Amino acid sequence: MVAKGFAKKLHKISLAMFRKDFIGIFHGSISARVELDKFIINKKEAIFDDITDSDLILLNHTRDYRWHEASLDSEIHSLIYQDIPDAKYIAYTMPPFTMSYTLENDYIVPKDYFGAQAYPDIKVYSPKNFDDWYERADVEISRFLIDSGKDIIIIRGYGIYAYARELTDLAKKLAIIENSCRILLRGER
C-alpha cells in the first residue's frame, strides 16, 4: 500500500507537470521518500495526467520483485536518496524548451529576472555516449549532484533530474528553468 498523503501530492504535481509537457505518456518519473530506506515512485506504465495509487509503488533500496514494475529510473532515484539526505522528492523531466536549448549550448545563463536569481548559470552535463548511458546514469547523476552541491542536473539530450525538500519547490525549480530556456530560445531567433 502506498502512503496516501504522498500519493495525493504526487498526483497533483504530476498532473501540473504533464500539462506543461515536462513529463508525458510513459516518459519521466517522480518519487517521494517516505522513510529513510523507502520511497514511492511511479510504475513503468504510469500516465502522468492521472496518477493513482495503483500507478505508484513502494520500494526499498534493496532490489526485490517490486522493482520489475517500477519506473526504469528507480535506480537513479534510489541512489540519490541514499547519497543526499536532503532529497525528499525527486523528478526526472524533459521540458521541451530546456531540452532544445541544451542541444546547442553548454551553459544556461538566464536573461530573465527569476531565472537569473535562482540559477545565474547552469552547466549542461554531457553524457557523451548514449549507448551505455543507462548503465552509468545512476552513478554519474548522483556524483554530479554531490560534487556540485546543486539540487539539479540538466543532461544534454536526456532531461533534468532535480530534488527538493518540498514538492512545490521541485516544480518551481523546473518551471523557472523551462521559462528561462524559452526566453533564451526566443532571443536567438
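Brief remarks on what is shown
- Pairs meeting the criteria (first residue in the stretch 92-106 and closer than 24 Å to A46 by Cβ, second residue buried (at least 17 other Cβ atoms within 10 Å of the Cβ) and of a type in the set (K, R), beta carbons under 6 Å, at least 6 apart or on different chains) are F97/R182.
- Residue count for the stretch 13-35 satisfying the condition of being surrounded by fewer than 15 Cβ atoms within 10 Å (Cβ to Cβ) and in contact with a His (Cβ under 9 Å, 6 or more places away or on another chain): 0.
- Restricting the stretch 7-30 to residues that are at negative phi and among the small types (G, A, S) leaves a set whose member that is farthest from the chain's Cα centre (by Cα) is A7.
- Residue match in the stretch 33-46 (condition: assigned to a helix (DSSP H, G or I), in contact (Cβ under 8 Å) with a residue 24 or more places away in the chain and among the aliphatic types (A, V, I, L, M)): no
- Qualifying residue in the stretch 69-79 (condition: crowded, with 16+ Cβ neighbours inside 10 Å, touching a residue at least 60 places away in the same chain (Cβ under 8 Å) and either part of a strand (DSSP E or B) or in contact with a Leu (Cβ under 8 Å, 6 or more places away or on another chain) (or both)): yes
- The stretch 36-48: number of residues that are closer than 13 Å to S71 by Cα, of a type outside the set (S, T, N, Q) and either in contact with a strand residue (DSSP E or B) (Cβ under 7 Å, 6 or more places away or on another chain) or surrounded by 15 or more Cβ atoms within 10 Å (Cβ to Cβ) (or both): 8
- A171 vs. criteria within 20 Å of L79 (Cα to Cα), touching a helix residue (DSSP H, G or I) at 6+ places or on another chain (Cβ under 7 Å) and in contact (Cβ under 8 Å) with a residue 12 or more places away in the chain: no
- The residue pairs whose first member lies in the stretch 12-32 and is closer than 20 Å to G157 by Cβ and touching a residue at least 12 places away in the same chain (Cβ under 8 Å), whose second member is among the hydroxyl-bearing types (S, T, Y) and outside any helix (DSSP H, G or I), and whose beta carbons are closer than 7 Å, counting only pairs six or more residues apart or on different chains, are M17/T93; F22/T93; I23/T93; G28/Y92; G28/T93; S29/S71; S29/Y92.
Computed from the coordinates by the stated procedures, all read-outs in this text should not be read as laboratory data. All values reported here derive from a predicted model rather than from experimental measurement. Cβ: placed from backbone, ideal geometry, glycine included. Neighbour counts: every protein chain shown.
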